[in-house]
Amino acid sequence: MVKKVTIRTFLKKKREGEKITMLTAYDYPSARILDRAGIDAILVGDSLGMVIQGHETTLPVTVDEMLYHVKAVRRGVERAMVIADMPFLSYQTGRDDAIYNAGLMLKEGGADAVKLEGGERVAGLVEDLVGIGIPVMGHIGLTPQSVNVLGGYRVQGKTGEDIDRLRRDAKALEDAGVFAIVLESVPVEVAKEITDMLKIPTIGIGAGPHTDGQVLVFHDYLGIFEDIKPRFVKRYRELGQEILSATREYIEDVKSGRFPAPEHCFYLEKKTSQED
Ligand code: KIV
C-alpha cells in the first residue's frame, strides 16, 4: 500500500527542513510518470491555458476544462498530492461560487486540494473553504490571473511597499488556514524572509533556493513549450527538439517506405520466425 502525500507530509517536511517537490501535469501518462518518479505534489495548473490550449494568458480557462484535466491526472497518480488550480472567475465572484467550484474539484475531479491566487483579498474565502474541509494552497507574488493589473509577467516585491504587501498577504493566508503558499517571481531575499516567517511551507517558482519547495511547469522543464523561456526555468531536456526530429524521421520513413517494416505488420500466414 502506497503512503500518500498529505498536507501533514508538507508540514512535516517544512519542520524537518526537507524540500518539497512539485511539478504541473495535465494528463494521465505524464502524471503517471511524475508519480512514479517520486514527486510530492502534482499541480493541475491553469497554466494549461497557455501550454496546452495555446492561449496568451490563463484567463480563458474554465472550471469544466480544469475538471477534465484534473480527472485525467487523478487516474495516473497513487502517491503524490493532486492539487487543482481554481481558474479565473471560479472563486472571485463570491463565497458560494468558490465553495461550489472548489468542491467540484474534489468531488468530481478527485483532487486532494485546490490552489487559488491572492493574499489578504481572498483570505475570507480561504477560511470558508478550509472550514468545510477543502485544503487550500495559496499563491502570491506574480499571480498570472492578474496579469492585466500587474502590467505583464514581471518580478513582484521589489519595493518596500510591495514587500510589505507580500508579508501581509502571506500572513493573512497562513492565518486563514492554507497549508502552503506558492511564491512566484519574487526576489530571493524576500522569498527567504517570508519562508522564515511562516510555519507553513512556501513553494517557489522564480523565488530562489530558500523556499521550502520548488515547482515548475511540465512543458517548461522538459523543453516542450518554446514560446516563452523564463529565466527561472531550468530546462532538464529539450523534448520539443526530440519530438521535432522524431517526427521528421517518421515523415521520411513513410515517404521512403522504411515504415512500416515487417515487424510492424500482421500477416495472414506465419512467415519466417524472424518476422513473428
Ligand atoms: O498554473 C500554474 O501552473 C501555476 C504554477 C506556475 C505555480 O500556478
Test Val82 against the stated conditions and say whether it is over 19 Å from Gly177 (Cα atoms) and β-branched (Val, Ile, Thr).
no
Candidates Asp169, Asp164, filtered to the one that is acidic (Asp, Glu), in a helix (DSSP H, G or I) and within 16 Å of the ligand (Cβ to nearest atom)
Asp169
Can you name the number of the only condition in (1) within 19 Å of the chain's Cα centre (by Cα); (2) within 16 Å of the ligand (Cβ to nearest atom); (3) open to solvent by 30 Å² or more (accessible area, probe 1.4 Å) that Ala111 fails?
(3)
Matching option when the condition is basic (Lys, Arg), more than 30 Å from Arg154 (Cα to Cα) and either at pLDDT below 95 or within 23 Å of the chain's Cα centre (by Cα) (or both), among Lys229, Lys270, Lys255, Lys234
Lys270
So, of the residues in segment 186-226 that are part of a loop (DSSP other than H, G, I, E, B), touching a residue at least 40 places away in the same chain (Cβ under 8 Å) and open to solvent by less than 10 Å² (accessible area, probe 1.4 Å), which turns out to be nearest to the ligand (Cβ to nearest atom)?
Ala207
Reported set for segment 114-125 where residues are away from the ligand (no atom under 16 Å from the Cβ) and either touching a Gly at 6+ places or on another chain (Cβ under 8 Å) or among the acidic types (Asp, Glu) (or both) is Glu120
Note down all Cβ pairs under 6 Å where the first residue falls in segment 124-142 and is farther than 30 Å from Lys158 by Cβ, the second is open to solvent by 40 Å² or more (accessible area, probe 1.4 Å) and among the β-branched types (Val, Ile, Thr), and they're at least six residues apart or on different chains.
Pro135/Ile7
Just a yes or no: is a residue in segment 17-24 touching a residue at least 12 places away in the same chain (Cβ under 8 Å) and away from the ligand (no atom under 14 Å from the Cβ)?
yes
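State which residue is nearest to the ligand (Cβ to nearest atom) when the search covers only segment 47-69 and only residues that are in a loop (DSSP other than H, G, I, E, B) and open to solvent by less than 10 Å² (accessible area, probe 1.4 Å).
So, considering only residues that are in a loop (DSSP other than H, G, I, E, B) and open to solvent by less than 10 Å² (accessible area, probe 1.4 Å), the one nearest to the ligand (Cβ to nearest atom) is Thr58.
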Could you grab the pairs with beta carbons closer than 6 Å, sequence gap of 6+ or different chains, first residue in segment 60-73 and in contact (Cβ under 8 Å) with a residue 12 or more places away in the chain, second one open to solvent by 60 Å² or more (accessible area, probe 1.4 Å) and part of a helix (DSSP H, G or I)?
Ala72/Tyr28
Looking only at residues in segment 129-169 that are over 22 Å from Leu43 (Cα atoms) and of a type in the set (A, V, I, L, M), which one is most open to solvent (accessible area, probe 1.4 Å)?
Val149
When segment 1-42 is checked residue by residue, the ones that are under 17 Å from Leu222 (Cβ atoms), out of contact with any Leu (no Cβ under 7 Å at 6 or more places or on another chain) and of a type outside the set (Lys, Arg) are Thr21, Asp27, Tyr28, Pro29, Ser30, Ala31, Ile33, Asp35, Ala37, Gly38
For segment 178-197, give me each residue that is under 13 Å from Ile20 (Cβ atoms) and small (Gly, Ala, Ser).
Ala180
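The values are calculated or read from the model by the stated rules, or taken from the named source; none is laboratory data. For clarity, every value in this text was computed on a predicted model and none was experimentally measured. Glycine also receives a Cβ, built like all others from the backbone with ideal geometry; neighbour counts cover every protein chain displayed. The accessibility values were calculated without ligands, DNA or RNA, using every heavy atom of the protein model including side chains. Shrake-Rupley method; radii C 1.70, N 1.55, O 1.52, S 1.80 Å.
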